Each structure stands twice: as C-alpha cells, then as structure tokens.
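Q: Sharing a structure with you now.
Only the coordinates and a few stated rules stand behind these numbers; no lab work does. If you're wondering where the values come from, they're calculated on a predicted model, not measured in any experiment. Reconstructed Cβ throughout: ideal geometry from the backbone, glycine too, with neighbour counts over all protein chains shown.
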Amino acid sequence: MAWFKRKEKGIQTKTEEKKDTPKGLWYKSPTGKIVEAEELAKNFYVSPEDDYHVRIGSNEYFSILFDDNKFKELDANLMSKDPLKFEDTKKYSDRLKQAQEKTGLKDAVRTAVGKSKGKKLVIACMDFAFIGGSMGSVVGEKIARAIDYSLKNKIPFMMISKSGGARMMEAALSLMQLAKTSAKLAQLAEAKIPYISLCTDPTTGGTTASYAMLGDINIAEPGALIGFAGPRVVKEATGKDLPDGFQTAEFVLEHGFLDFIIHRRDLKDRVNLYIDLVTNQPYRA
C-alpha cells in the first residue's frame, strides 16, 4: 500500500524546480461559480453554472461575430497623443504607454470589417482593459472613420460599447467626440444604412450619452450595467432611494431605453436577423 504513502520524509524541492499553476485555467464568477477557462470559451464566455456574461474584449467579440474569425482591421495604428500635457499622479503620456504595453492594444476601440453569416459587417468594439474603455479623441476618430467606411461601401454598422465614459485626461477634446460620432451616425441614418448598438458591461457616461443609445436597434447583454451617472451621483441629485437592480440592462429595458436583451450565444444570429429585417432582405438561417 506504499503507493499512496509518503516513503521519504522531509522532502524539500528547490525553489527553481517548483511549478506554479498556470494562470487562467479557472474562472470564478461573482456568484462564486467556478468554470474551466476552456469550457468558458466554448460557451461564448458565459458561465454555464449561472449564465453570468464574463467581461470580454474586441478579440473575443470579433471571433463570435465574424465568420471563421476573418476580418480586416481598420485604422489599426491610430494612437492617442497628449496635446494638453495632462498630469495627475502620472503623466497621461505614461498612462498611454503603460496601457499599450499591458493590453497589446493601441487604444480603447478596435474597428474591423468582415463577413458575418456571409454578408459584410463593420464592427467597432471597445476594450475596457484600455484605461477603462474611456472615450478619447482616437476612440471618436476611429468610430467616425468606421462609419465613413460603412457609408462609402454601404455596409451595416455595429457598435459594441464597453466604457466608463469620457477620458478626463483629454478634457473638452474628449467631450467633442459625443457630437462628432452622433453627427456621423445621423449621416448613416440619412443613407438608410442599418446601425445596431450593443451595450455591454459597463456602458456609462458620455458613451451612453452619444453613440451607445443612437442605434436603429439598441440591444444589451444580460445583467450589463447601463447608465449615465453612477448610482451615488444619481441619488445625491434626486435625493431618493434607488430601485433594486437600478441601471441593469433588465431595468433599462423595462423603462424603454432598450429594444432587446440578447444572450451572447444568440448574438450573431440575432444581429444579422435585425439587419435582414431592416434592409428587407431574405432571412439568413
């Protein structure tokens, strides 16, 4: 029976020979459910135990929405500058450099064109990992250029919002992006090109106040935080206690600011269904 008993006592393993458990093998949802990372990816990054939609970035959304994960990225090398020479606890230029090194991204949004269920679709997707998905000049410019691409080529446009709001380090330059992107979306509407807006967790601040709520169809993922100001600020302004579930996707849907809430596994099918209906085209099964 020695196979399960330790035959030698006082075994010491040299530090350099010790092996750590690789990171990312398991994921624990906020409700305490644990799932293997591989199983999570196969389930569209949704916890099978409690249906919790894990926060993901542009890489994952592109893989879900584009056929065979094939797409052409637009304006891939556009990067933010520091025109105001902003500095708080760190220089803004240093924050940008650190965010780029940490995430491998150039800024908080990526734009791409590819086929989804056999037809072309332009997608702009925000990445919360890059300075909280904050909306700066480059975010606004890349979204505007993606809309221009849609206009020029008459391709439906989809925006996936995931943001803490305007980027304070760019001050008024950041706030100008609200008007800029809204004006571009008005051009898209005039050209009768469909625009689908997907709000994910979180969609707040200037993002909500502009392009996130201007879709021909506004949709969201289950449980996503959607709002303009945070609950504390709203409570201070109104002087009232807030309802349970305030600013969840379900609450926002109930009060008429969303058209649908869509599970991530159904996202590709439903987005293309809406596009077919809006453009009066045969439904793609």
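Q: Highest first, please rank the peptides 95-108, 209-222 by the mean number of other Cβ atoms sitting within 10 Å of their residues.
A: In decreasing order of mean packing, 95-108, 209-222 become 209-222, 95-108.
Q: Averaging the inverse of every distinct alpha carbon separation and then flipping it gives the Kirkwood radius. What is it for the range 69-171, in angstrom units?
A: Final number for the Kirkwood radius of the range 69-171 is 14.3 Å.
Q: Another one. Using only alpha-carbon positions, what ratio does the radius of gyration of the chain give when scaled by 2.2 N^0.38 Å?
A: On the way: Rg = 21.9 Å, N = 285, 2.2 N^0.38 = 18.8 Å.
It is 1.16.
Q: Just round it to a whole percent: the fraction of Cα-Cα distances in the range 177-243 exceeding 16 Å.
A: The calculated P(r) of the range 177-243 puts 55 percent of pairs beyond 16 Å.
Q: Using a 10 angstrom cutoff on alpha carbons, build the Gaussian network for the chain and name the most mobile of P202, P194, P83.
A: Judging by the Gaussian network model, the answer is P83.
Q: Please sort 241-253, 134-146 by packing, taking for each peptide the average over its residues of neighbouring beta carbons within 10 angstrom, highest first.
A: 134-146, 241-253
Q: Two decimals is fine: what is log10 I(q)/I(0) at q = 0.19, 0.21, 0.27 Å⁻¹ for the range 113-168, from a Debye sum with one equal scatterer on every Cα and no solvent?
A: The computed values of log10 I(q)/I(0) come out as -0.68, -0.78, -1.03.
Q: Within the set K70/K106; K70/K162; K72/K184; K154/K268; K28/K120, which residue pairs have Cα atoms separated by over 26 Å?
A: Table pairs above 26 Å Cα-Cα are K28/K120.
Q: Hey, got the dipole for the range 111-203? About the Cα centre, +1 on K and R Cβ, -1 on D and E Cβ, debye to the nearest 20?
A: Roughly 520 debye, rounded to the nearest 20.
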